[in-house]
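Readers should treat all values here as calculations from the given coordinates under stated rules, not as data from a laboratory. All values derive from a computational prediction rather than experimental measurement. Heads up, the Cβs are rebuilt from the backbone with ideal geometry, glycines too, and the neighbour counts pull from every protein chain shown.
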Amino acid sequence: MIASRRLLLVAGAATLAGCASEGESAAGLTPAEIEGPFYPVSPPAESDADLTRLAGRSQRALGQIIEVGGRVLDRRGQPILGARVELWQCNAAGRYDHPGDRTTVALDPNFQSYADLRTGPDGRFRVTSVMPAAYWVPEMGQRRTPHIHFKVAGGDGPLTTQMYFPGEPMNETDFIIKEMKADPRTLIAREAPAMETGARGFDWDIVLDA
């Protein structure tokens, strides 16, 4: 099972160039990336904007707290009201809350791992989460750089992509990023002020073909 889930990533990398070609030809649009094998099988009980706290639990998710904000824009740079923003990620140890992830890394019972949001009139969204770990992909002999998966609907169809973090050395060697034809720099968030003391803040805009 471990091999099969990682092979999905490898196979996806082989087709990534085709997925991203539209992003390359349409300057300014956020390029597409593979969904990966760990999109939630069914919606979790909670999907709000704070992934670090669950109802009925006193403890918070483990890891470095991060705040990710941004806007969903159309190709003219105008904000999109009511765009659906789904995001999912592994926990601070590198495990996805998904039945297909059979790694021995422990799940965090206090981590939500998924959010389902709508943008406001200014096109903005904001989530509180934890920094995802870089996890090992045996078939490629390397770790995937830390990332968050996004699926955004507000134009002609949903855009599936991934957000990366600035200053991560593995951004330069990540096999998914290296297969991209579009400029991967558009997928790297910017450092931004955080509201919570000790948290790291990031800002990232998503431009749809709308």
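Here are some notes:
- For the range 2-207, the share of DSSP beta bridges that are antiparallel, to the nearest 5, is 80%.
- Distance between modelled label sites at Gln78 and Arg185, nm, 7 Å Cα→Cβ extension: 2.9
- Between the amide H of Ala192 and those of Gly201, Phe202, Asp203, distances stay under 5 Å, these residues lying 5 or more places away or on another chain, with hydrogens modeled in the peptide plane.
- Amide H within-cut-off set for Val137, under 5 Å, with H built and near neighbours excluded: Gln142, Arg143, Arg144
- Given charges at beta-carbon only (K, R positive; D, E negative), |dipole| of the chain in Debye: 320
- Spacing of the two label points (7 Å from each Cα toward its C-beta) at Tyr39 and Asp122, in nm: 3.1
- Normalised by the number of residues in the range 2-207, the average gap of Cα pairs under 8 Å and 6 or more apart makes the relative contact order 28 percent.
- Taking the empirical scaling 2.2 N^0.38 Å for compact globular proteins as reference, the chain has a Cα radius of gyration ratio of 0.97.
- Inter-centroid distance (Cα atoms) of the range 67-113 relative to the range 163-195, Å: 15
- Put simply, the amide H of Gly70, placed in the peptide plane, has neighbours under 5 Å in Phe125, Trp204, leaving out anything fewer than 5 places away on its chain.
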